[in-house]
Structure formats: C-alpha cells, structure tokens
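A short worksheet on the structure shown next.
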Amino acid sequence: MLECAHVGAPVAIAAPTVMEVVRGVQATATRKPRIAPALAWFVRLVASDLVEILSLDRSAAIVAGRLRATHPTPPTGARRKGVKPEQRAGWVLDIQIAACAWTHGREIATENLRDFEVLRDLIAQLYPGTTPLVVTAPPATRSELQT
C-alpha cells in the first residue's frame, strides 16, 4: 500500500472490503462514540484519488457465484470468529473480495492466507489457463521492521 502511495498510484480496495470496514467502524462507534471520527476519515479516504474501489461488477458477480456454488462454507470453520451465520457471511465477503480482485487483475494482500489460497485454487480450477489470483501476506509493519 505504501509502495502505491509512494509512486502516486491509488491503492485498490474491493467494494466488499469497504463495506466490511464501514460496518465494523460503525458498529464500534455505536458503542464507543469517540470512534465516530474514524468513520468520517475512512469515508473521505475512499472517496479520494488515493483509493481505487474495485467494483463487484457483472464479471466479478459471476465469478463469485461460481465460487460460492463450488465451496459454500468457509474452509477455516471454527478458526473464523463469530457464530455460524457470521462465519458464512464473512466467507461470502471473502469470495466477493477475491472475485473483485481477480476480475480487475489485482492481487490480494491479506493475513487470512488460508481462505484466500483456497479461493485462488478454486479460481484456477474454474478458469483453467487464465492468470491466477495472486495472494500474499501484507508487507511487514514498521514495528516488525524495527525489531
């Protein structure tokens, strides 16, 4: 992300990721009003030229539908936080994020490597001979670099 900002290129974020962040910040701000400014900041950020939103367009929706039909439940099971409906909702969002990234030709940087590697492999099975989805761990944080 910092590399993109350094060269002046916008950072790409999938639309379902924006929804997840807004939901999380809004839910927290409801309990902790001091968090409310974070939501306004994030909304300004994603509306700026610094961010490119990858839409869940027709192509991504078709890919997401095929992925969900092929693998309707999350592979991480009990490792995923929340009750079963929340786990499945999170899996659907991960599917949408992977579909957005792949159809827009972008890679995914995530701490959830296991689930997104499953999605990468499913895309390769469903669309043989195409460019694979690239899934990587996020770059090291500054604190990790300093140790």
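Every number in this text was worked out from the coordinates using simple rules, so none of it is lab data. Fair warning: this is a prediction, and the values are worked out from it, not measured in the lab. No Cβ is skipped: glycine too gets one built from the backbone with ideal geometry, and neighbour counts run over all protein chains shown.
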Neighbour-count order for TRP41, TRP91, TRP102, fewest beta carbons within 10 angstrom listed first: TRP41, TRP91, TRP102
Based on DSSP H runs of at least 4 residues, each adding -39500 (n - 2.57), what is the mean residue ellipticity at 222 nm of the chain after dividing by all its residues, to the nearest 500 deg cm²/dmol? -18500 deg cm²/dmol
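How fast does the stretch 1-54 diffuse by Stokes-Einstein, in µm²/s, taking the Kirkwood radius from C-alpha pairs at 4 °C and 1.567 mPa s?
109
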What is the Å³ per residue value for the convex hull set by the Cα atoms of the chain? 146
Any idea which of GLN96, THR76, LEU119 is furthest toward the positive side of the dipole for the chain, if Lys and Arg beta-carbons carry +1 and Asp and Glu beta-carbons -1? THR76
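Would you mind working out the magnitude of the charge dipole of the stretch 1-54 relative to its Cα centre, with +1 at each Lys and Arg C-beta and -1 at each Asp and Glu C-beta, to the nearest 20 Debye?
Details: 5 positive and 4 negative charges, 96 e Å.
Result for the stretch 1-54 is approximately 460 debye, rounded to the nearest 20.
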Taking 0.36 nm per residue of sequence separation and subtracting the Cα-Cα distance, how much length would be gained by fully extending the chain between ALA109 and ALA9, in nm to one decimal? 34.4 nm
Using the count of nearby Cβ atoms within 10 Å as a rough guide to exposure, how do SER55, SER48 rank from fewest to most? SER48, SER55
